[in-house]
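Read through the structure below, which is laid out as structure tokens, and then see the notes.
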Amino acid sequence: MRVDRFLSNLPRYNRQQVRLLLVEKRVRVDGKIVSDPHTEVLEFSQVEVDDEVLQSGKAARYFMLHKPPGCVSATRDPQHMTVLDLFDDPDKDDLHIAGRLDFNTTGLMLITNDGAWSRRLTQPQTKLPKVYYVETEQDIGADYALQFAEGIYFAFEDLTTQPAQLELLGPRSARLSIVEGRYHQVKRMFGFFNNKVLRLHRESMGELALDNALKPGEYRALRTEEIHLF
Ligand code: URA
């Protein structure tokens, strides 16, 4: 957001006062005096007027978690363990999930306090491929791959799913790549064939694969180059 808009959104300043603050060089963003009203203020920028901190510059944080089965993709839940309960971190209240998984789905989950980053990753326009390992109750037919590539009609949302790639691994196991994240999407795609998904595990999101060294329930900070994949 532009610094002039950031300041005039605060109840204490009107636009005229903001213009003056900038002209009088009383505004600092990340320690530097700014007078250009177009200067960008990011979620993690520190903004000061005179010596008062109006937004404190906190660090952006990014993690990958190996989600275990039996926990909910929520920050709080009155009944069940949540993925954030797995974090041993005093500032975990800041964190949120970039791309949910169902209660018993396992695998790669990204957790951050950077809203712009998680929005980029999850917004439908990004079409980020997500790869799942799937095991089913019945044999997976030869006709599934073509149907998934053509799309499956979801009556509830009145839409047809984007082309998805299915690779058969065994009679009842496969790898599926989808670019959306509709509610229970994989289960509903197999549900089209009345075939129940018994195991679902997310292996990767875009270029980022789950780190093999992480056991279910473990997490680690993302490396700089991993953060920049999105
Ligand atoms: N599709 C599902 O059905 N469940 C998940 O957890 C993820 C994708």
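Observations on the structure shown:
- Residue 167-residue 116 FRET efficiency (beta carbon distance; Förster radius 45 Å; 0.05 resolution): 0.85
- Three-way shape call for the stretch 3-55 based on the alpha-carbon gyration tensor, with the a/c threshold at 1.5: rounded
- Its Cα centre serving as origin, the stretch 129-205 has a Cβ charge dipole (Lys and Arg +1, Asp and Glu -1) of approximately 280 debye.
- Cα-centre dipole for the stretch 1-114 with unit charges at Cβ (Lys and Arg positive, Asp and Glu negative), debye to 20: 420
- Signed unit charges on C-beta, dipole axis of the stretch 129-205, positive-most listed residue 163, 198, 138: 198
- Multiplying each eigenvalue of the alpha-carbon gyration tensor of the stretch 1-148 by 5 and taking the square root yields semi-axes of 44, 19, 11 Å, largest first, rounded to whole angstroms.
- Extending 7 Å from the Cα toward the beta-carbon at both residue 26 and residue 179 defines two label points whose distance is 5.1 nm.
- Using a Förster distance of 22 Å, the FRET efficiency for residue 225-residue 94 (Cβ separation, nearest 0.05): 0.40
- Per residue, the chain exposes 56 Å² of solvent-accessible protein surface, assessed with a 1.4 angstrom probe and all protein chains in place.
- Ligands, DNA and RNA left out, the 1.4 Å accessible surface of the stretch 65-131 is 48% carbon and sulfur atoms.
- Point-to-point label distance, residue 82-residue 54, nm (Cα→Cβ direction, 7 Å offset): 3.1
- Cα centroid of the stretch 124-141 to Cα centroid of the stretch 49-100, whole Å: 26
- Values of log10 I(q)/I(0) for the stretch 133-230 across q = 0.16 Å⁻¹ run -0.76, by the Debye formula with one identical scatterer at each alpha carbon and no solvent.
- For the stretch 79-146, the relative contact order comes to 21 percent (Cα pairs under 8 Å, sequence separation of at least 6).
- Rounded to the nearest 20, the Cβ-based charge dipole of the stretch 40-81 about its Cα centre (Lys and Arg +1, Asp and Glu -1) stands at 600 debye.
- FRET efficiency for residue 5 and residue 126, using Cβ-Cβ distance with R0 set to 22 Å, rounded to 0.05: 0.30
- Tally of Lys pairs whose C-alpha atoms are under 19 Å apart, taken over the chain, 8 or more apart or cross-chain: 8
- Dipole-positive endmost among 64, 20, 209 within the chain (Cβ charges, Cα centre): 20
- The mean sequence separation of alpha-carbon pairs under 8 Å and at least six residues apart, normalised by the residue count of the chain, gives a relative contact order of 19 percent.
- Taking other residues whose beta carbon is less than 14 angstrom from the beta carbon of residue 135, and scoring Lys, Arg as +1 and Asp, Glu as -1, yields +2.
- The stretch 69-203: relative contact order in percent, alpha carbon pairs under 8 Å with at least 6 residues between: 25
- Considering only 132, 153, 219, the mean-square fluctuation computed in a Gaussian network model of the chain, springs between alpha carbons under 10 angstrom, is largest for 153.
The values are calculated or read from the model by the stated rules, or taken from the named source; none is laboratory data. All values derive from a computational prediction rather than experimental measurement. Heads up, the Cβs are rebuilt from the backbone with ideal geometry, glycines too, and the neighbour counts pull from every protein chain shown. Accessible surface is based on the protein model in full, side chains and every heavy atom, while ligands, DNA and RNA are left aside. Shrake-Rupley method; radii C 1.70, N 1.55, O 1.52, S 1.80 Å.
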